[in-house]
Each structure stands twice: as C-alpha cells, then as structure tokens.
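The values are calculated or read from the model by the stated rules, or taken from the named source; none is laboratory data. Because the structure is predicted, anything quoted here is derived from the model rather than measured. With ideal geometry, Cβ positions are generated from the backbone for all residues, glycine too; neighbour counts draw on all protein chains shown. Surface areas here come from the heavy atoms of the whole protein model, side chains and all, with no ligands, DNA or RNA. Shrake-Rupley method; radii C 1.70, N 1.55, O 1.52, S 1.80 Å.
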Amino acid sequence: MYTPKHFKVTDFEEIQEFVQTNSFGTLVTTKKGRPIATHLPLQFVKEADDFYITGHMAYGNPQWRTFETTEEVLVMFQGPHAYISSSWYEQENVPTWNYQAVHAYGTATILAEEELKQDLTKLLDKYEKHREDPVLWDKLSPSLVEKEIKGIVGFKIKVGEIQAAYKLSQNRNETDYANIVEQLHNEENPDSKQLAEMMEKNRKN
C-alpha cells in the first residue's frame, strides 16, 4: 500500500484498535494468477508472541481452496472515508479523498473443527453480548450447530506484515484543517461526519 510519510501509521496498538473497530475486512488470494476477494467479519487475536486474523467463509466459496497455493494472502480493512473539496482550502488546489486503511499480509491455514467453534464463540460474544436477548454459542442447539458448521470453513492468517495509512489532511495548515473538519460535519454523508470526528481526535494526539 502506498503510504506517504504524512499518512503512515506505525503505532501497533492504534492499528490493532482500528482493526477491531473496522473488522469487516476483505480477504484477497490468487488462483492461477487472478485475484479472488471475499468480504468477511474477521477477528484480530494474539497467540503467544504472534498475531492472527481469524474468520470463516461458506464451504461453497472456492477461495479457501487457494490457501495452499497462495504464498501470501492480503487482508484489507477500511474506516470512514470522504471527498475533500478544494473549495475548503485558503489557496487554489485540487480536491482529494481522505480515508483510513490497514493492509495485513500473512499465511493462511484451515482451522480444525474445535478451533472453529472456539472462534465462532468469540465472534458471537463480540457482537451479541451487549444485546437485550443475546444469541450466544451456548444457547444454540447442538443439532443446529452441527448442521451449520458443516457449511463453513474456518481459517486463520498468521500476520507477517502490517501497513497502515490514515490520510486525514495532516499536510494541510491549521486554517485549512479546521475548515475541512467543519465542512465534513456539515455533509449529510455519515462517513463524512465520522471522518471529521477522527480528524478532530487525530489533531489532539
């Protein structure tokens, strides 16, 4: 990923928090030289001194069969993004696009059934435990679990490299920066408002 020095992020804890928050990622592998991508809910976990991205996909999805032949897989995570009008600058310039993105590279392997069940338990806990009537793993009937688990394939990716870029107008002067934030707040697009909040937070750090 192209990461100019103004936008490069190296704080691992910050990257980890970003991935946990924006965990619906894109998994990319190749088959006979052609890229294949699947959009999936993923988890970022630590085991001993290593970090892994875990998830699952439908058994009928042919992508999991490429894990053995793909030397390195790519997982992409994206946060809020928005168009930045050059009319928001003090001086004449061209428009651009602000965004946050993380790319993770690693090697993928298939999870054993028990590992997959443990991963699904954590996934349900993350997205259900705060709900009024949470659907947690131990509430599911064994017959349903056994039926549904046959239709998916679990995997984990041992992370070898992470690249992160937050393009948040860090290269603009204070006046332009403040005006960009204000204008983004005025946009009707929810992504624009989220990006404005992130820019405010980033400027304080």
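Taking the stated definitions as given, is residue 138 part of a helix (DSSP H, G or I), in contact (Cβ under 8 Å) with a residue 60 or more places away in the chain and surrounded by fewer than 19 Cβ atoms within 10 Å (Cβ to Cβ)? Walk me through how you get there before you give the answer.
On the way: part of a helix (DSSP H, G or I): yes; in contact (Cβ under 8 Å) with a residue 60 or more places away in the chain: no; surrounded by fewer than 19 Cβ atoms within 10 Å (Cβ to Cβ): yes.
For residue 138, the condition - part of a helix (DSSP H, G or I), in contact (Cβ under 8 Å) with a residue 60 or more places away in the chain and surrounded by fewer than 19 Cβ atoms within 10 Å (Cβ to Cβ) - is not met.
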For this session: Please indicate, with yes or no, whether at least one residue in the stretch 111-133 is outside any helix (DSSP H, G or I), open to solvent by 90 Å² or more (accessible area, probe 1.4 Å), in contact with a His (Cβ under 8 Å, 6 or more places away or on another chain) and at pLDDT 90 or above.
Result: no
For this session: Would you check which residues across the stretch 165-195 are open to solvent by less than 40 Å² (accessible area, probe 1.4 Å) and in contact (Cβ under 8 Å) with a residue 24 or more places away in the chain and list them?
Result: 165, 166, 167, 168, 169, 176, 177, 180, 184, 192, 195
Exercise. Just one of 103, 81 is within 25 Å of residue 15 (Cβ to Cβ), in contact with a helix residue (DSSP H, G or I) (Cβ under 9 Å, 6 or more places away or on another chain) and of a type outside the set (Val, Ile, Thr); which is it?
Worked result: 81
Seminar exercise, completed: Picked from the stretch 26-63 (must be out of contact with any helix residue (DSSP H, G or I) (no Cβ under 8 Å at 6 or more places or on another chain), crowded, with 18+ Cβ neighbours inside 10 Å and not hydrophobic (A, V, I, L, M, F, W, C)), the residue nearest to residue 100 (Cα to Cα) is 52
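Quick grid of which residues meet (1) at pLDDT 95 or above; (2) of a type in the set (A, V, I, L, M, F, W, C); (3) on the phi > 0 side of the Ramachandran plot; (4) not in a strand (DSSP E or B):
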{"site": "159", "(1), (2), (3), (4)": "yes, yes, no, no"}
{"site": "164", "(1), (2), (3), (4)": "yes, yes, no, no"}
{"site": "172", "(1), (2), (3), (4)": "no, no, no, yes"}
{"site": "183", "(1), (2), (3), (4)": "yes, no, no, yes"}
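Okay, residues lined up against (1) farther than 15 Å from residue 107 by Cβ; (2) touching a Gly at 6+ places or on another chain (Cβ under 6 Å); (3) modelled with pLDDT under 95:
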site	(1), (2), (3)
6	yes, no, yes
17	yes, no, yes
27	no, no, no
32	yes, no, yes
46	yes, no, yes
59	yes, yes, no
70	no, no, yes
74	no, no, no
Seminar exercise, completed: Subset of the stretch 74-102, residues assigned to a strand (DSSP E or B) and open to solvent by less than 30 Å² (accessible area, probe 1.4 Å), comes to 75, 77, 82, 84, 98, 100, 101, 102
Seminar exercise, completed: Scanning the stretch 152-164 for residues that are surrounded by 11 or more Cβ atoms within 10 Å (Cβ to Cβ) and either among the aliphatic types (A, V, I, L, M) or within 22 Å of residue 110 (Cβ to Cβ) (or both) gives 152, 153, 154, 155, 156, 157, 158, 159, 160, 162, 164
For this session: Name, by its number, the condition in (1) surrounded by fewer than 15 Cβ atoms within 10 Å (Cβ to Cβ); (2) in contact (Cβ under 8 Å) with a residue 24 or more places away in the chain; (3) closer than 26 Å to residue 78 by Cα that does not hold for residue 145.
Result: (3)
